[in-house]
1. For segment 23-43, indicate whether the set of residues that are without any contact (Cβ under 8 Å) to a residue 12 or more places away in the chain and at negative phi is non-empty.
2. Which fully enclosed strands (runs of 3 or more DSSP E) of the chain have 1 or more residues being open to solvent by less than 50 Å² (accessible area, probe 1.4 Å) and not hydroxyl-bearing (Ser, Thr, Tyr)?
Amino acid sequence: MIVEAFDLAEMKEMIIETVLTELPGKPIVTGVGLAGWGDNNSLRTRRLDNLYICGDEQKEVSEDLPPLAPRWV
């Protein structure tokens, strides 16, 4: 299993595409929209073949939304 933990979308895309094409069958887990705080009910896990996407798939790390551990309302 490979766990992707990059902050930049371009880096996420690069490693996901590489793993899916060069290591078919190898599970990869990625986080999209885990930054910040609040609205923890929006977090979910979605599976697309061997790709597991965890998060709300919307929020991105920014000056106003830094990468923080708490995600509570």
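The values are calculated or read from the model by the stated rules, or taken from the named source; none is laboratory data. Keep in mind it's a predicted model, so treat the numbers as computed, not measured. Quick reminder, even Gly has a Cβ in these numbers, built from the backbone with ideal geometry, and neighbours come from all protein chains shown. Calculation scope for accessible area: heavy atoms of the full protein, side chains included, ligands and nucleic acids excluded. Shrake-Rupley method; radii C 1.70, N 1.55, O 1.52, S 1.80 Å.
1. Checking segment 23-43: not a single residue is without any contact (Cβ under 8 Å) to a residue 12 or more places away in the chain and at negative phi.
2. By residue number, 28-31, 51-55.
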